[in-house]
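The values are calculated or read from the model by the stated rules, or taken from the named source; none is laboratory data. Because the structure is a prediction, the values reported are computed rather than measured. Because the Cβ atoms are built from the backbone with ideal geometry, glycine has one as well, and the counts that use them run over all protein chains shown.
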Amino acid sequence: MINYVWFFMILSGVITAASKGQIHLVTEGVLKGSEQAVAVSLGLIGIIAFWSGVMQIAQDAGLMEAVAKALGPLVRRLFPGVPGDHPAMGALLLAMSANILGLGNACTPLGLKAMAHLQELNAEKKRASDAMCTFMAITSSSLTIIPTTIIALRAAHGSSAPTEIIGPIVFATACSTLAAVTADRLFRHFSPGRR
C-alpha cells in the first residue's frame, strides 16, 4: 500500500511540474535530494559506528543478558501462555532487551526468531496467537532507554547537546509501551472468540 502512496506522490509532482512548464524542477529536486541524502549518510556513519561499538561492548559485557534477567518476571506475566523453559521465552527476552538498549539491528533477527518460536506454540497456525499480538504491540511501541539512532541524527545535524533527548524519549516510549500493552489487553478481553 505504501508503494502506491509513494508512486502517487512522485507522479503528482511530475505532472504538476510538467503542467506548469517547469519539468526541470523535478530533475533539480532529485539531484539536490540525493546530494543531501549522501551528506547526511556520511555524517551519520561515524556516530552510528561509535554507538554501535558502545552497544556491542555492552552486549559483550553481558548488559543485554542482565536486562533480560531483570525483565524475566514482567515478561512471564505479559506472556502467560509461553512456558518459561521454552526457547520462545529466551528469544522474547533478548529481543525486548535489544529494543530497550536501542539495538534495532540486533532486535530484528531476535524478534524474527521469537516469532518463529511463538508460531511453534501457536495452536491455530493461520491466526496470530495472543502472545504474538502482545509481542508485536510491545516491539512496535518499543520502550527505549538509549536511543542511539536519534542521538546520532541530532549530532550529525549539529546539535550542541544530542543526548538531552534521552529523558523525553524514555518517558514517551514508556507511555507508548504502556498504551500498547493496555490496548492489547483490552482488545483481547473484548474480542469475540479470544480468551
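Values as computed for the structure displayed
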| item | result |
| --- | --- |
| Subset of the stretch 73-123 (residues that are more than 20 Å from Ile150 (Cα to Cα) and not in a helix (DSSP H, G or I)) | Phe79, Pro80, Gly81, Val82, Pro83, Gly84, Asp85, His86, Asn122, Ala123 |
| Residue check, Ala114 buried (at least 21 other Cβ atoms within 10 Å of the Cβ) and either among the aromatic types (Phe, Trp, Tyr) or at pLDDT 85 or above (or both) | yes |
| Residues within the stretch 127-150 that are among the aliphatic types (A, V, I, L, M) and part of a loop (DSSP other than H, G, I, E, B), tallied | 4 |
| Scope the stretch 132-168; condition buried (at least 18 other Cβ atoms within 10 Å of the Cβ), more than 21 Å from Asp184 (Cβ to Cβ) and at pLDDT 90 or above; matching residues | none |
| Some residue of the stretch 171-185 being basic (Lys, Arg), assigned to a helix (DSSP H, G or I) and either exposed (fewer than 13 other Cβ atoms within 10 Å of the Cβ) or more than 19 Å from the chain's Cα centre (by Cα) (or both) | yes |
